[in-house]
Amino acid sequence: TTGLITLDDGYGNTGSCQSAITFIDGEKGILRYRGIPIEDLAERSSFIETAELLIFGELPDEEERTEFRHLLSENAALHRDMRKHFDGFPADAHPMAILSAMINALQTHELHDIETTDAAHFKYAAAGLIAKTRTIAAASYKSHIGQPIAYPRYDLNYAENFLHMMFSVPYRDYEPTPEVAHALNMFLVLHADHEQNCSTSTVRMVASSGANMYSSVSAGVNALWGRLHGGANMAVIEMLEHIRTTGITPEAYLARVKDRSSGVKLMGFGHRVYRNFDPRARILKDAADKLLDAMHVTDPLLDIAREVEQAALADDYFASRRLYPNVDFYSGIILRAIGIPLDMFTVMFAIGRTPGWIAHWKEVTDNPRQRIYRPRQVYVGNPLSQWVPRSER
Ligand code: SDX
């Protein structure tokens, strides 16, 4: 059997941990942030309003929203010395490596106590990390293409500002259409949290030792990078491109997936919790359709994705294993249409997930009875053995 692990959450419960942040019903395909259905938030809330909901537990009123907006703007710039790190990364450094390194480095420039969640400071630090994660991502892209960094504008919301910081040039500001800005906002809302997934559990694990928010979130970025987790959104596009360029039919590709010796997985399909459709996949599929229509563009990969999905859902191998599209299956189509480079797709997931990671760091850190996570295992190694001198080995 695989090594069994139990998480002791300090409440005396082992085997799982308690959290009040996100609710998932995998059988019914339900996802709620602090009790509010993801469908409502995706359509009607801004990413930052959603971030405040996750972190502070309630949707903000006007005053709270305005205060947090100021904090985001005041904290978006990187310390001058932080920008020197970009000069040290190779031109082809992976943006996820840069993001993880820079988030960890941020703490060296933090002026306040970074291990407490006392109200005044924590709000400042949370807004700072959410703002700076966006700045680091955009600055790494600008650094990669040799363009000057664009600073955020106060008149733009978070998603609009990200697009401005990515695509504006000194002689012309990039003005996203409402459809593009709405699609990116929805993408970020849908990625903002997802209960005890691999990267969030990593953040909680690190937080349980008493580590600060930056160290915990940086660890979460690294866990998210894996192809089975956040890295899947890039792998889906690579898979669809492979189908397109080789001309292999979706059915032939699925045959390779079903041949276990190939080691090929249907990327963007399957989920440990959802045994039915991932509600985010439904929303993203519809959003991809609407965005491409609004932009009057077509993407052959979207057509291929639809064909692959249709073939897989009709195939007993996938149906019998209850494998359905997950959040990563259609999200890349939206990012491609917006013009985000492929190697930044998982960075976009990380930007979206940052508020959730902050909320979970706070939940662990605020718990006076929190104990350090110390998973156990089933030992399957050697029995008691004698030490033997090297000359006799
Ligand atoms: C995310 O946890 C979260 O909430 C994550 C996430 C979030 O918001 O944080 O939702 C984001 O990470 C989504 C998942 C993105 N990853 C992928 O799309 C990669 C492809 N998916 C698989 O690797 C897999 O489905 C996982 C990793 C998502 C889930 O892995 P599990 O739960 O360990 O599934 P499993 O390996 O136990 O699968 C059960 C069966 C196996 O077959 P049998 O051994 O029973 O015959 O289904 C098969 C698997 O081989 N299977 C797949 C498959 N996923 C599972 N076969 C082919 N293609 C796949 N994608």
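The values are calculated or read from the model by the stated rules, or taken from the named source; none is laboratory data. Treat the numbers as computed from the prediction; the structure is a model and nothing was measured. For neighbour counting, all protein chains shown are included, and Cβ atoms are generated from backbone atoms with ideal geometry for every residue, glycine included.
Tally the residues that are more than 13 Å from the ligand (Cβ to nearest atom) and not in a helix (DSSP H, G or I), restricting the search to segment 197-251.
Going through segment 197-251 one residue at a time, the tally reaches 8.
Could you tell me which of the residues 325, 368 is farther than 30 Å from residue 145 by Cα and in contact with a strand residue (DSSP E or B) (Cβ under 7 Å, 6 or more places away or on another chain)?
Working: 368 fails: in contact with a strand residue (DSSP E or B) (Cβ under 7 Å, 6 or more places away or on another chain).
Checking each option against the conditions leaves just 325.
With respect to residue 361, determine if the residue is surrounded by 24 or more Cβ atoms within 10 Å (Cβ to Cβ), in contact (Cβ under 8 Å) with a residue 60 or more places away in the chain and more than 30 Å from residue 92 (Cβ to Cβ).
On the way: surrounded by 24 or more Cβ atoms within 10 Å (Cβ to Cβ): yes; in contact (Cβ under 8 Å) with a residue 60 or more places away in the chain: yes; more than 30 Å from residue 92 (Cβ to Cβ): yes.
Criteria met by residue 361.
Could you tell me whether any residue of segment 164-178 is within 16 Å of the ligand (Cβ to nearest atom) and touching a residue at least 40 places away in the same chain (Cβ under 8 Å)? Break it down stepwise before answering.
Within segment 164-178, the first condition is being within 16 Å of the ligand (Cβ to nearest atom), and the residues that meet it are none.
Looking for residues that are within 16 Å of the ligand (Cβ to nearest atom) and touching a residue at least 40 places away in the same chain (Cβ under 8 Å), one finds none in segment 164-178, hence no.
From the set of residues in segment 325-348 that are of a type outside the set (A, V, I, L, M, F, W, C) and buried (at least 23 other Cβ atoms within 10 Å of the Cβ), which is farthest from the chain's Cα centre (by Cα)? Please lay out each step first, then the result.
Of all residues in segment 325-348, those of a type outside the set (A, V, I, L, M, F, W, C) come to 325-326, 328, 330-332, 336, 339, 341, 343, 346.
From the residues that got through so far, the ones that are buried (at least 23 other Cβ atoms within 10 Å of the Cβ) too are 325-326, 328, 330-332, 346.
Details: 325: 17, 326: 13, 328: 10, 330: 15, 331: 11, 332: 13, 346: 7 Å.
Per the stated criteria, the residue is 325.
Do we have residue 307 as within 27 Å of residue 259 (Cβ to Cβ), out of contact with any strand residue (DSSP E or B) (no Cβ under 9 Å at 6 or more places or on another chain) and touching a residue at least 12 places away in the same chain (Cβ under 8 Å) here?
Details: within 27 Å of residue 259 (Cβ to Cβ): yes; out of contact with any strand residue (DSSP E or B) (no Cβ under 9 Å at 6 or more places or on another chain): yes; touching a residue at least 12 places away in the same chain (Cβ under 8 Å): yes.
Answer is yes for this residue.
Restricting the search to segment 13-48, which residues are aliphatic (A, V, I, L, M) and either surrounded by fewer than 13 Cβ atoms within 10 Å (Cβ to Cβ) or assigned to a loop (DSSP other than H, G, I, E, B) (or both)? Quick ask: steps written out before the conclusion?
In the first step, residues of segment 13-48 are kept if they are aliphatic (A, V, I, L, M); the result is 20-21, 24, 30-31, 36, 38, 41-42, 48.
Once the filter is applied, which keeps residues that are aliphatic (A, V, I, L, M) and either surrounded by fewer than 13 Cβ atoms within 10 Å (Cβ to Cβ) or assigned to a loop (DSSP other than H, G, I, E, B) (or both), segment 13-48 yields 20, 21.
Scanning for something touching a residue at least 24 places away in the same chain (Cβ under 8 Å), closer than 29 Å to residue 281 by Cβ, outside any helix (DSSP H, G or I) and touching a Lys or Arg at 6+ places or on another chain (Cβ under 7 Å), does segment 117-134 turn up at least one residue?
No: segment 117-134 contains no residue that is touching a residue at least 24 places away in the same chain (Cβ under 8 Å), closer than 29 Å to residue 281 by Cβ, outside any helix (DSSP H, G or I) and touching a Lys or Arg at 6+ places or on another chain (Cβ under 7 Å).
Of 51, 137, which residue is touching a residue at least 40 places away in the same chain (Cβ under 8 Å), within 16 Å of residue 359 (Cβ to Cβ) and either assigned to a helix (DSSP H, G or I) or of a type outside the set (A, V, I, L, M) (or both)? Walk me through how you get there before you give the answer.
Details: 137 fails: within 16 Å of residue 359 (Cβ to Cβ).
Exactly one residue qualifies, and that residue is 51.
Give all pairs with beta carbons closer than 8 Å in which a residue from segment 286-298 that is more than 12 Å from residue 180 (Cβ to Cβ) and free of Cβ contacts under 8 Å to residues at least 40 places away in the same chain meets a residue that is among the aliphatic types (A, V, I, L, M) and surrounded by 15 or more Cβ atoms within 10 Å (Cβ to Cβ); count only pairs at least 6 apart in sequence or on separate chains.
Short answer, once both residue conditions are applied: 289/302; 298/292.
When segment 182-196 is examined, which residues are found to be of a type outside the set (A, V, I, L, M, F, W, C) and away from the ligand (no atom under 13 Å from the Cβ)? Working first, answer last.
As a first pass, look at segment 182-196 and keep what is of a type outside the set (A, V, I, L, M, F, W, C): 182, 185, 191, 193-196.
Listed by number, the residues that qualify are 182, 185.
For residue 8, state whether it is over 24 Å from residue 183 (Cα atoms), of a type outside the set (Val, Ile, Thr) and modelled with pLDDT under 95. Quick ask: steps written out before the conclusion?
On the way: over 24 Å from residue 183 (Cα atoms): yes; of a type outside the set (Val, Ile, Thr): yes; modelled with pLDDT under 95: yes.
Yes; evaluated as a whole, the condition is true for this residue.
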